[in-house]
Amino acid sequence: MTGAAALAGCTGGDDEGNGDDGNGDDDGNGNGAIEADGDVDVWFETGNWDDPTNVQFNPFNPAALGGQLDEALWEEYAKYNLEHGEWIPYAVTEWDIGEETVTFEIRDDLVWSDGEDVTAEDIVVGMRLDEYQDGEIWDFAESVEAVDDTTVEITLEDTANQEVVEWVLLTRNVNTPEHVFGEYLDRIDDGEDPEDVMGDLATWDDREPVTCGPFYFSDEESTNQHMTAPAMDDHPDADEINFNGYHMYERGSNEAYHSSLIDGEFDGLLSLFVSSELLQTFPDTVDEIQIPGTFGAGIIFNHDHDIFSEREVRQAMAFATDWELAAQNADPESKQVPAVPCGITTAAIEDYLGDDIDDYESYDQDQDRAAELLEDAGFEQDDNGDWVDSSGDTISATIVYPSGWSDFVAAAETVASQLNEFGFDLELEGQERGTLEENLGNSDFELANFEWNEGAIQFNHPYYSLRHNFRNRQLDPDTSFFNYPESDTIEVPARDGDGTIEVDVVQRLNDLASESDEDEANEIIKELAWVVNQDMPMLPIQSKFEQSFLSNDGWEYPDPESDDMQILFPLYWLPKQGQLKATEE
C-alpha cells in the first residue's frame, strides 16, 4: 500500500457541482489557494471547550491538553477527505506499507518554533516513547529507526492489516522535538526504570511548547479569557496565512457559543450543535459546514448492574424506543439513526456490511417484542403497567448526561420519556462534562447518555469503532468504564439462523489488526458487527453530522458545500492550504 507523494491542493468549480474557490466569489487562483492583498491586522476569534488557564501541551501528559488548539499547533501526518475517501499528505509526503516494513517520508522544510529543523529523529523519539504508554503503533511495530533526515522505517512484528496500519500511522501528529523529549528516551536507554521516567514525563505540564504548525501557543499573550496562537513567521507555509492568528475563548454551554456566533463575537467554530430551527436565526454572514461525524448520543449500560447486564433487557430497551423520534427531537437536519446498531459509523456501514446489512436487526420500535424479551428475562408487568422483578421492584435507574450539550439533553429526555411510558422508572441527571467523565471513569453510574463512539476521524474505521464497543479505553486506560466483559467468549445467535456461535471478541479484534487479506478482514468486521448487533454492549441513539461554522464577514474560503470542506476540521485545515484568508481589518 503506497501513499501519494505530493501535497494535495483543492480545485475550482467543475461540471460535477463541486463549487468554486472562495465563498461564492471568483477569488480562487486555480490550485485551491485564495489570493489576498497582503497581511491583515486581525485575529480569528473562536472558541474552545478548555479553560485557557488550565491547558498544557505535553502529549504524554493526559491532563488538560490543549483541545482544539492542537489542530493549529502541530502538523498532521495526513488528513482524510471523507467525501473522496482518500488521504491528503501533509507532514508525511509519501508512505509505503509492506508486509515486513512501513517506510515514510516527512517534509524537508518543516521547522520547530524555536528554529530547529524537524527531522526523522523527532518522529522516532515520539514513537519510541509511545511504546511505554502503549501507543497504538506498537500493536504492530517491532522497532523504528531514522534512515536519514527525512525517512523513517518501522519494522513490523508480524503480518498486519495494511488499512488499519495506515489509519494508525497517518492520524498521528508531529509533536515530539528530539531536543525537548530526547532526554527522557536517553534515560530509558541508559537503564532507568521506564515507569519512573514516563511517570516524570506524564506529570510535566508544558505551557511553553515547541511546536511546528503554522501557529504557536503564546502563554505571554494568553489571558484568563482566551488562549492566543499567533501565526509563526518561519513556517514554510507562512505566506499562505494573512491574519495574526487565533484567539480561543471558553464558553460554558452550547447556548453561550450560539450567542457568540449570532452576535458576531466569533469568526467561526470548529464544531457546535445548532438545531435547524435555531440556525434560521443566525445572520447570513455565518456559513454552516456539515461533515459526517463519527459519533452521537448513545445509551451506555453499566454491565456490572444487576438489570442492565442482562442482554434481554438491553434489547428490550432498544425495541421499546422510537429512535427516529429521538433523532428528530434532537434535530432532524443534523442527526440520523444508524441503519442498524452494529458498532460501525453511519458513513462507513454500507461500505463494510454491503448487502449483508439486511441480516442485522434494525430494532425498529416493537413494544410487543420488547415485552417478550423482558418476560424472558424474568420480569412482568404489574397492574400499573410497570415492569417489575420477582420482588415487585420496578426497573428503575438514573440516566446521567452532559448538561451543556443540548442535543444530548434532547436525546436523553426522549428516551427516558418513552421508556417510562413503557413501564420503566427512569430519572435524568445532567452533569457538567468534567464531573460526568470522572463519574463514568469510576463506573459510578447505572445508565449514561454519552457518545457511543469517539469523535476522532480514525473512529470512522470499524477497527476503532468496534474496539470502542468491546475494549473501551476512553475514560480508563486499563479497563472499560462500562465494564463490558473482555475476558469472556460471547455467545450469540448465528447470523444464518442455525444455532449459536461463540466469539472471543478481543482475539477477533487482534485478528482484524493482523489480517492482511482484505476479504478476510471484512468477514471479521461483519462477525464483530454481528456480535454488537445482538449483544448490545451499548446502544447508539443517533449519529451526527459535525457542524462547523465560518463567518464570511471579513473572511474568505471555499464554498461551504464543496468537497474541500469535507475534512475535520476546516477552521484549522484551510489556513494550511491557503484557503482561509482575512479580507479586511
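The values are calculated or read from the model by the stated rules, or taken from the named source; none is laboratory data. Source: prediction; values computed, not measured. Cβ atoms come from the backbone with ideal geometry, glycine included; neighbour counts cover every protein chain shown. Side chains are part of the model used for accessible areas, which takes the heavy atoms of the whole protein and leaves out ligands, DNA and RNA. Shrake-Rupley method; radii C 1.70, N 1.55, O 1.52, S 1.80 Å.
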* Of all residues in segment 345-381, which are touching a strand residue (DSSP E or B) at 6+ places or on another chain (Cβ under 6 Å) and either among the basic types (Lys, Arg) or more than 20 Å from Phe319 (Cα to Cα) (or both)? -> Ala347
* So is Phe549 at pLDDT below 95 and either surrounded by 20 or more Cβ atoms within 10 Å (Cβ to Cβ) or in contact with a His (Cβ under 9 Å, 6 or more places away or on another chain) (or both) or not? -> no
* Structure fact -> Across (1) in contact with a Phe, Trp or Tyr (Cβ under 6 Å, 6 or more places away or on another chain); (2) modelled with pLDDT of 95 or more, Leu475 clears everything bar (2)
* Structure fact -> Only one of Phe308, Phe266, Phe282 is aromatic (Phe, Trp, Tyr) and touching a Ser or Thr at 6+ places or on another chain (Cβ under 6 Å), namely Phe266
* Based on what the data block shows, is Glu561 within 30 Å of Ser260 (Cβ to Cβ) and over 21 Å from the mean Cα position of the chain (by Cα)? -> yes
* Structure fact -> For Glu99, the lone unmet condition from (1) over 17 Å from the mean Cα position of the chain (by Cα); (2) part of a strand (DSSP E or B) is (2)
* What strands (runs of 3 or more DSSP E) completely inside segment 41-92 contain at least 2 residues that are open to solvent by 10 Å² or more (accessible area, probe 1.4 Å) and over 29 Å from Gly434 (Cβ atoms)? -> 78-81, 86-89
* Residue list for segment 334-353, restricted to those being open to solvent by 50 Å² or more (accessible area, probe 1.4 Å), within 12 Å of Gln542 (Cα to Cα) and charged (D, E, K, R) -> none
* Structure fact -> Within segment 401-424, restricting to residues that are open to solvent by less than 10 Å² (accessible area, probe 1.4 Å) and touching an Asp or Glu at 6+ places or on another chain (Cβ under 7 Å), the one that is farthest from Val274 (Cα to Cα) is Gly423
* Residue tally, condition in contact with a Pro (Cβ under 9 Å, 6 or more places away or on another chain) and closer than 29 Å to Ala238 by Cβ, over segment 531-551 -> 4
* Inspect segment 530-545 for any residue being closer than 22 Å to Glu76 by Cβ and either open to solvent by 10 Å² or more (accessible area, probe 1.4 Å) or modelled with pLDDT of 95 or more (or both) and give the result as yes or no. => yes
* Asked: Residues in segment 457-482 that are open to solvent by 40 Å² or more (accessible area, probe 1.4 Å) and either more than 18 Å from the chain's Cα centre (by Cα) or farther than 19 Å from Phe308 by Cα (or both): how many?
  -> 7
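Listed here are the residues, each with its yes/no results for (1) under 29 Å from Val337 (Cα atoms); (2) under 27 Å from the mean Cα position of the chain (by Cα); (3) surrounded by fewer than 22 Cβ atoms within 10 Å (Cβ to Cβ).
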position	(1), (2), (3)
Pro214	no, yes, no
Tyr246	no, yes, no
Gly252	yes, yes, yes
Gly264	no, no, yes
Leu279	yes, yes, yes
Phe295	yes, yes, no
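Yes/no per residue for (1) surrounded by fewer than 23 Cβ atoms within 10 Å (Cβ to Cβ); (2) farther than 30 Å from Asn439 by Cβ; (3) among the aromatic types (Phe, Trp, Tyr); (4) in contact (Cβ under 8 Å) with a residue 12 or more places away in the chain:
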{"residue": "Asn510", "(1), (2), (3), (4)": "yes, yes, no, no"}
{"residue": "Ser516", "(1), (2), (3), (4)": "yes, yes, no, yes"}
{"residue": "Lys526", "(1), (2), (3), (4)": "yes, yes, no, yes"}
{"residue": "Asp559", "(1), (2), (3), (4)": "yes, yes, no, yes"}
{"residue": "Gln579", "(1), (2), (3), (4)": "no, yes, no, yes"}
* Does segment 313-324 contain at least one residue that is surrounded by 22 or more Cβ atoms within 10 Å (Cβ to Cβ), in contact (Cβ under 8 Å) with a residue 40 or more places away in the chain, assigned to a loop (DSSP other than H, G, I, E, B) and touching a Leu at 6+ places or on another chain (Cβ under 8 Å)? -> yes
* Asked: All but one of (1) in a helix (DSSP H, G or I); (2) polar (S, T, N, Q); (3) under 22 Å from Phe319 (Cα atoms) hold for Asn453; which doesn't?
  -> (1)
* Criterion: exposed (fewer than 15 other Cβ atoms within 10 Å of the Cβ), within 30 Å of Pro477 (Cα to Cα), modelled with pLDDT of 95 or more and not basic (Lys, Arg) - qualifying residue of Glu380, Glu427, Glu375 -> Glu427
* Structure fact -> Across (1) under 26 Å from Leu156 (Cβ atoms); (2) more than 26 Å from the chain's Cα centre (by Cα), Ser487 clears everything bar (1)
